[in-house]
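For reference, the structure discussed in these notes is given below.
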């Protein structure tokens, strides 16, 4: 054990390749956390467990980038929220919303849903039609909204499985001589003569006719249900996984770093104090240390999480209880060595306070070791927390990576081949761990030059 | 060492005790009410509802007193009594869980689970340590070589993956995509049938491969680091200079000198393996100690939790003791101190 100053440590560290890679990954993770904090509204993350928030998203769909690797492009899930609007005011006022879709996929969409809210009096007429790439127009729906004397806000979702849409689609495609029996309406709309997908530009038209001039569409959204969505796909509960993955980053860093820093500080002071005081104090403190060391950590963590609380901050505390022990042992033996040095004896004779000797003369000597053990103990904290969350004992209000994996396991993602639900969270855990292991090993190699050679 | 054991038990009881009391009392209330509803004659013999309720309450109180639940769980008698019972290895009966043969005695449950955990995790630990020692010795004898670099890299990378996540991936790949191994680790045929052992080994393969794959890198790295220190010592240089076969130096002389810390870690990981891995067993559905622990904790089955903690702690302490003895054997300098 050689004592190394901070500046020397820094200089040596810059030379270490793995250490720099670690720092690189770590800063990448910090940037991800920043992106998560700024780009994703904090509201979305609070809505993680609220199914209503995810209703217009598809169920268990692949990420869209798989299309780059596939010959047959699977249809993306398309949500169009801002249609181009045309309004005409005459005796009969018309509000027309146009949704243009460029459909270039090799499979039919799952379904389509038109969701709208409209403010009106009287009983306006709603017409939905689609203009296909071959310029045929299909009228899908013609219905009047429920009559009302006063201004009302009407909210509705029209599904492609709607009976009249189905009937209209069959009639229209029979007109074009495309009709096939027993095919769902979206398959009729997007089919060519041979029953394959007709690629090209589709235009969905939604017209609202009203006699009174007061009809106002507040919200209008067309959802074309597909099999691919988002950068990371969605899970069984329709949640966009990228939100969970991004928010998992700051949470994992928070858990890992605060547990590591906390336990190293406690362990360091505890160990140094025991070593410096010696005799009875040392004996008692080390026996207590032995007890904690002999406790089976994971079972106790589970017991604590079940009986006391599973809030994320309590969890950080519980993890600290079990991780300072080893550090205390090592720093005790180091302080036993340092204690015998002459300058410590000198300051003792000068009558300096014990606390001053510990904090001014001994602990600074151990700082490089402390940094290395902080870096090395971060991954353990992160994986332990992920493991607890995986067992379903995590804090349900925060979407951590372990929690995503827990949900994946509950819904049998492995058996159903939903790889995009299993692989990314684990890779994120591993990358985060790796960053700290790299940094820790680089520091360790500087402190113990014997290992490097 | 005995003190450590007692304090561990005390802590376990302290943490789960209060919850346990609530559950036990509810159990008593439920039992009394069930008995009364089963026997309508009791209800008919009461003139009004209040008297009837009073009767039920009295019954409940009586039962609670009979079971000794009227004293709080932290009262010295109750804690002392439970500690005494554990010391004489009487773990009592589980509240909810039973063993596969239907017995609810904690001792029976533990005896049934331990062999399974030994079968999977201890086997894995032994394979890991053998692989690790040889790979570690190999890379320590050629520091800086390709083997050394790959081993170190593999150790660092594999140790940052959670085992259970790799387990999920392995299940996904080899059980559902390629159908090579079964996904559930418990064989579907009964132990009495002839092909049972083969079926068991076949079901064991996937978890075993996973655990070994993730584990041996770290072991190799650890052994390498101990060995590198030894390889730099003078007596090794002297032996090299004499011209003794290099393999003989590495595996006989250097390995023996690096043995004490390796033995300590081996003893600890062997005893640790008996506890199974709660999460890994959950992923592979392996019915060993880890699963037992998790099930016991999720239903708050106090006797089982205490029994399992006790057994694991005892084994841990024994292995520390054994490691100390072996340390003295391999490194006689320790004895003279």
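We did not get these values from a lab; they are worked out from the coordinates using the rules stated. Owing to the predicted nature of the structure, the values given are computational and were not obtained by experimental measurement. Glycine also receives a Cβ, built like all others from the backbone with ideal geometry; neighbour counts cover every protein chain displayed.
Per residue of peptide A:301-308, the mean number of Cβ atoms on other chains within 10 Å of the residue Cβ is 5. How would you classify segment B:244-337 from its alpha-carbon gyration tensor, with a ≥ b ≥ c the square roots of the eigenvalues: rounded for a/c under 1.5, else prolate if a/b is greater than b/c, otherwise oblate? The shape class here is oblate. Projected label points at residue B:10 and residue B:202, each 7 Å from Cα along the beta carbon direction, are separated by 5.3 nanometres.
Measuring r between the beta carbons of residue A:81 and residue A:150 and using R0 = 41 Å, the FRET efficiency lands at 0.90. For residue A:71 and residue A:10, the FRET efficiency from 1/(1 + (r/R0)^6), where r spans their Cβ atoms and R0 equals 56 Å, is about 0.60.
The order of the peptides A:256-265, A:52-61 by mean Cβ neighbours within 10 Å, most packed first, is A:256-265, A:52-61. With each label modelled as a point 7 angstrom along the Cα→C-beta vector, the residue A:342-residue A:123 pair spans 10.6 nm.
Averaged across B:168-177, how many Cβ atoms of other chains sit within 10 Å of each residue's Cβ atom? Walk me through the numbers before you get to the answer.
On the way: counts 9, 5, 1, 4, 10, 2, 0, 2, 5, 3.
So the per-residue partner count for this stretch is 4.
Quick one: angle between helix A:163-175 and the longest Cα principal axis of chain A, in degrees between 0 and 90, rounded to 10, please. The angle comes out at about 60 degrees.
When a/c is below 1.5 the answer is rounded, else prolate if a/b is larger than b/c, else oblate, so apply that to the protein assembly as shown with a ≥ b ≥ c taken from the square roots of the Cα gyration tensor eigenvalues.
Numbers: a/c = 2.09, a/b = 1.53, b/c = 1.37.
Prolate.
Here the simple spin-label model places points 7 Å from the Cα toward Cβ, and for residue A:333 and residue B:232 these points are separated by 1.7 nm. Under 1.5 on a/c is rounded, so check that first for segment A:127-252, then, if it is not, pick prolate when a/b is larger than b/c and oblate when it is not; a ≥ b ≥ c are the square roots of the alpha carbon gyration tensor eigenvalues. Oblate shape, in that a/c is at least 1.5 and b/c is the bigger or equal ratio. Highest-first packing order for the peptide set A:428-434, B:33-39, A:109-115, A:438-444 is A:438-444, A:428-434, A:109-115, B:33-39, based on the mean count of other beta carbon atoms within 10 Å.
How large is the helix-only mean residue ellipticity at 222 nm for chain A, computed as the sum of -39500 (n - 2.57) over DSSP H runs with n ≥ 4, divided by its residue count, in deg cm²/dmol to the nearest 500?
Mean residue ellipticity, 222 nm, calculated: -16500 deg cm²/dmol.
The alpha carbons of segment B:199-243 give a radius of gyration and a Dmax of 18.3, 54 Å, in that order.
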